[in-house]
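K.L.:
Right, I'll just put the structure down here and ask away after.
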Amino acid sequence: MSSQREDADRAPGETPAASARDDLERSLDRAVGRLVHALGSGSPPGSRQPGGDEATEIAHLAEEYLQRGRDLLHWWKARSDGGSFASRFELGRTFNEATESYGFFDTAEVGGESMPVMGNFQEMSYDRPKSAPQGSGAAAGWLRDQMREFVLRYFMRVSDFREPEGFAETWRPPLSTIFEMLSWCPEESEELRGFGFQQLVYKERGGGVHPFRHEERYRIVDLRDLLERYEWIVVKVRIFDFRVTVRPFGAGTPEISLPLQEASYLVLSRDFVEIEEEPEPGVLARYGFGYAFVRDPRPGMLGYGPGQFDAAIETIHFHVADDGSVRVPMVFVANRPERVATVEVDPWRWSVELGRRLGDLATLGLADRWIAPMARMMGAVPRPRLRFDPVLGYVRFADAVSGGMAASRLCIDREQLEKDFLVKHYMQHYQTIAGSLATWRLIGDWCDEASLPAWVVEGRRP
Amino acid sequence: MSALPSPPWGRRLLTAGLAAGRLVAGAVESALPGESGRTGWQELGNKLDAFRWFQEGLVADRGEPGGVDATFRRLWRTEGEGYRRATESAVEGRGAAAVALLRSAPGPGDLLPLHAGLGLALAERAVQGEVDGTHLAVRVDRFVATARSAAVPGWEGTVLEALGLVVRTLRPELLDAVDRHLAERGEGLRGHLWHGVGRGLYFLPSHVPSPAAATARALEKALAEPPDRRRRDDAVAGLAWALTLVNLLHPRVVERFLVRCGPRLPSGDAFEHGVLSALVVWHRATGGGMETPLHRHRPEPDGAEAWAYRVAGPLRDRFSGLVQELDRTGRWGELFRHRPLQRYAEAAPAEDSAREAP
């Protein structure tokens with residue numbers, strides 16, 4: 001039965017040729033089976049499985065980045081009261097201006113060390129009930145109750161950092177032919193059914209770390225549960241089309257567009273949950289939440305952006321006034337980048353890896369037992385490796401050859417790049433809040449869960 | 001395992017390849033003059049379809065109208081969905097997520113394919129990477145424990161059986177060691193293992209180049225590879241299970257197999273057990289209300305006797321009793337190893353208090 005059967009083990013009447021055929025077939029079955037498995041499952045058997053190890057790694061990092069987030073939050077609360085920063089500049093939009101918005105650079109104490117930080121603050125008008133003046137008090141109170149449920153229970157289930165993706169419902173009989181590759185029918189994607197946030201793992205107070213069930217991943221917990229039940233939860237948020245554009249030759253010339261990571265991991269805890277009712281005259285309530293960013297454990301080319309912060313926080317609050325008007329102050333704070341992109345030039349490693357993959361493909365993995373060790377041995381050869389940041393490298397180069405004019409006159413400097421990042425964040429969160437307004441107004445009564453559409457409760461389209 | 005690239009397009013490439021293969025099989029089938037050749041290519045096409053639907057999962061199932069064909073596709077897609085979600089599940093091993101997966105089964109008919117998909121995922125995890133003797137035993141024990149804890153009570157056998165298929169397909173060099181370890185455990189697990197081996201033999205890629213002789217070759221191995229008669233019966237039952245279920249809509253494939261290989265089947269009712277088990281799966285998936293072409297099949301004259309003996313007769317005499325027994329005990333996992341059919345008498349009057357399995 002095994003591939004190493006001796007003659008004595010062979011069945012009576014079975015010839016060596018038949019035994020050899022069996023062995024060959026078994027080797028072929030094994031090779032093809034593993035190739036098919038590699039393609040179909042997205043990872044070869046023996047490799048890291050998607051999903052499971054991702055959550056494990058993130059869970060291990062959550063505590064560390066949550067603590068950094070707490071430090072940043074503490075710093076922000078102390079600094080924002082006074083309103084003064086080491087450097088402050090205005091941020092604006094061409095229309096739908098915020099009631100107040102600005103960016104800043106400063107230094108914060110994080111993890112016991114000074115960390116250069118940057119961030120932005122914006123406050124938007126969100127909504128105002130249309131009711132007769134004499135009835136506005138009752139309306140405001142009702143609005144407060146609605147806002148409480150919307151913000152603390154449903155906002156993260158129905159909000160997205162992306163623009164809505166349009167699609168037309170299209171069903172055709174399944175194509176059982178190769179013409180699927182030529183089809184224009186929209187491809188159904190499980191990811192399109194959910195909104196921006198997915199919850200991955202949680203830690204219970206006094207308990208261990210557990211994954212959320214797969215079918216609950218879009219049904220973000222009620223944030224009030226962070227006060228008593230959960231010590232923290234980790235969510236993943238998709239931010240498509242988050243890219244930074246660099247025009248080395250100026251406006252109107254070819255540009256380099258860097259697509260930043262499309263997903264970030266966030267950790268939420270009660271430190272970031274705000275629930276205040278009648279905190280001061282004129283204010284009915286303040287509800288809000290926030291999170292600390294968790295660095296993506298998998299290294300990539302990009303050195304900055306969502307998923308690459310050493311420390312970063314975001315808070316989104318909803319303030320309900322006596323007259324029922326709602327304002328949304330939002331804050332983003334992050335470490336200033338030391339690098340934007342990392343390119344490693346290692347032709348030796350590239351050649352070894354290419355050779356290994358070609359060898360595996362040519363032999364369907366049959367020769368892997370010889371190729372893999374050889375590749376490992378060759379990959380361990382000591383050699384110099386060149387790493388550089390093409391973006392900041394260009395900035396430094398431009399500054400050097402221009403004697404500083406590139407920065408002072410042409411805005412080719414790190415600070416401009418950082419401001420571009422902040423503008424990107426600023427607009428992304430504006431889009432999120434603006435997009436949520438339609439959903440907020442769509443539902444008649446956020447407090448009546450039985451009347452809510454299933455997609456609101458579940459956080460995904462059916 | 002080789003460091004083959006595993007990009008997101010891998011699954012699309014695989015699915016497209018399977019579709020292309022299906023096209024080719026269909027074209028060749030149409031062109032061949034002889035019945036046996038055509039049947040072989042039809043069977044190959046059916047295998048490719050089953051595997052492709054498995055890869056698609058349930059995302060491809062939405063919006064399809066009902067009917068025998070759609071229900072048949074859904075069976076494979078549900079298994080694929082169970083496999084995919086179990087493979088992607090998260091932190092605390094596979095057990096907790098596996099339980100959640102099964103608890104979320106949309107209906108009782110989905111339980112079986114979901115368990116089967118879960119079993120594949122767990123079994124793959126158990127045999128991946130570098131494995132030596134001691135580690136293999138630990139991994140097999142962990143697989144058994146997880147399967148038992150994750151499965152809905154009574155369905156453990158469905159999950160356990162997948163180990164045989166995965167080992168025979170991906171790590172055949174470990175089969176002896178796994179069998180020895182299960183024999184040492186002495187808990188009747190070997191029956192499930194070899195049933196899975198038999199199921200895996202049906203799908204082996206090395207049989208693809210000769211479609212007309214593929215199942216005959218698989219039968220040869222099912223008779224030769226098991227270490228003893230009981231395990232041979234389990235393997236033959238597994239092979240018959242796969243043969244029947246894959247070709248449920250094209251019963252002539254089964255009929256031609258019986259004509260060609262019937263005389264080589266071992267004595268006993270291992271083959272019939274596999275056939276009935278597959279039909280029970282269908283019965284369960286459809287709530288019992290949907291016949292397939294296999295149920296209505298009229299064999300050719302040269303296959304009538306074998307068909308009556310191996311399929312129609314057991315279907316008439318043993319099927320209802322088997323279903324009633326399983327309904328009563330809830331031990332649906334027992335479908336996945338050979339048990340003599342003589343214990344299932346002809347249909348008895350329905351009992352009002354018959355236990356409904358979850």
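The values are calculated or read from the model by the stated rules, or taken from the named source; none is laboratory data. Owing to the predicted nature of the structure, the values given are computational and were not obtained by experimental measurement. Cβ coordinates were reconstructed from backbone atoms using ideal geometry, including for glycine residues, and neighbour counts include every protein chain displayed. Ligands, DNA and RNA are excluded from the accessible area calculation, which covers all protein heavy atoms including side chains. Shrake-Rupley method; radii C 1.70, N 1.55, O 1.52, S 1.80 Å.
K.L.:
In nm, give the distance between the simple-model label positions of residue A:357 and residue A:323, each being 7 Å from the Cα along the Cα-to-Cβ direction.
P.N.:
Label at residue A:357, label at residue A:323, 6.2 nm between them.
K.L.:
Additional query: For the stretch B:216-278, with all protein chains present and a 1.4 Å probe, just round the carbon and sulfur fraction of the accessible area to a whole percent.
P.N.:
Here it works out to 50 percent.
K.L.:
Can you give me the P(r) profile for the stretch B:228-294? Cα pairs, bins 10 angstrom wide beginning at 0, each as a whole percent.
P.N.:
Histogramming the stretch B:228-294 at 10 Å steps yields 22, 51, 23, 4 percent.
K.L.:
Contour minus end-to-end for residue B:184 and residue B:331, with contour as 0.36 nm per residue of separation and end-to-end as the Cα-Cα distance?
P.N.:
This chain segment gains 50.5 nm when fully extended.
K.L.:
7 Å from Cα along Cα→Cβ at both residue A:142 and residue A:454: what's the point-to-point distance in nm?
P.N.:
Taking the simple label geometry, residue A:142 and residue A:454 are separated by 3.0 nm.
K.L.:
Taking a spot 7 Å from the Cα of residue B:208 along the direction of its beta carbon, which residues of the stretch A:348-368 have an amide N less than 17 Å from it?
P.N.:
Answer for the stretch A:348-368: A:361-366.
K.L.:
When you count, for each residue, the other Cβ atoms within 10 Å and take the mean per peptide, how do B:20-26, A:275-281 rank with the highest first?
P.N.:
Highest mean packing first, the order is B:20-26, A:275-281.
K.L.:
If you take the accessible area of A alone plus B alone and subtract the pair, what total do you get in square angstrom, rounded to 100, with a 1.4 Å probe?
P.N.:
Interface between A and B: roughly 5200 Å².
K.L.:
Expressed in nm to one decimal, what extension gain is obtained for the pair residue A:24 and residue A:438 from 0.36 nm per residue of sequence separation less their Cα-Cα distance?
P.N.:
142.7 nm
K.L.:
Tell me the per residue accessible area of the stretch B:247-333 using a 1.4 Å probe; a whole number in Å² is fine.
P.N.:
Accessible surface, normalised per residue, equals 41 Å².
K.L.:
Can you give the FRET efficiency for residue A:63 and residue A:263, using 1/(1 + (r/R0)^6), R0 = 22 Å, r = Cβ-Cβ distance, to the nearest 0.05?
P.N.:
0.60
K.L.:
Mind listing P(r) for the stretch B:181-256? All alpha-carbon pairs, 10 Å bins, whole percents.
P.N.:
Taking all Cα pairs of the stretch B:181-256, the binned fractions are 21, 48, 24, 7, 0 percent.
K.L.:
Take peptide B:174-187, look around each residue's Cβ out to 10 angstrom, count Cβ atoms belonging to other protein chains, and average those counts.
P.N.:
1
K.L.:
So what are the ³J(HN,Hα) numbers for the stretch B:255-272, from phi and the Karplus equation (6.51, -1.76, 1.60; θ = phi - 60°), rounded to whole Hz, Gly and Pro as x?
P.N.:
4, 5, 4, 5, 5, 7, 10, x, x, 8, 5, x, 5, x, 10, 4, 4, 4
K.L.:
I would also like to ask the following. With 29 Å as the limit, write out which pairs from A:236/B:47; A:77/A:236; A:77/A:203 have Cα-Cα distances beyond it, or answer none.
P.N.:
Long pairs (Cα-Cα over 29 Å): A:236/B:47.
K.L.:
Using only the Cα atoms of the stretch B:220-336, build the gyration tensor, take square roots of its eigenvalues as a ≥ b ≥ c, and label the shape rounded, prolate or oblate: rounded if a/c is under 1.5, else prolate if a/b is larger than b/c, else oblate.
P.N.:
Here the stretch B:220-336 falls in the oblate category.
K.L.:
Suppose each label sits 7 Å from its Cα in the direction of the beta carbon; what would the residue B:342-residue B:138 distance come out to in nanometres?
P.N.:
4.6 nm
K.L.:
Also, quick follow-up: What are the residues whose amide H is under 5 Å from the amide H of residue B:171, where those residues sit 5 or more places off or on another chain and H is modelled from the backbone?
P.N.:
It is none; the list stays empty.
K.L.:
Taking just the alpha carbons, could you work out the radius of gyration and Dmax for the stretch A:411-462, both in angstroms?
P.N.:
17.9, 55
K.L.:
Considering just Cα atoms, how many Å³ per residue does the convex hull of the stretch B:278-335 enclose?
P.N.:
80 Å³
K.L.:
OK, next. Note the per residue figure in Å³ for the convex hull of the C-alpha positions in the stretch B:118-201.
P.N.:
78 Å³
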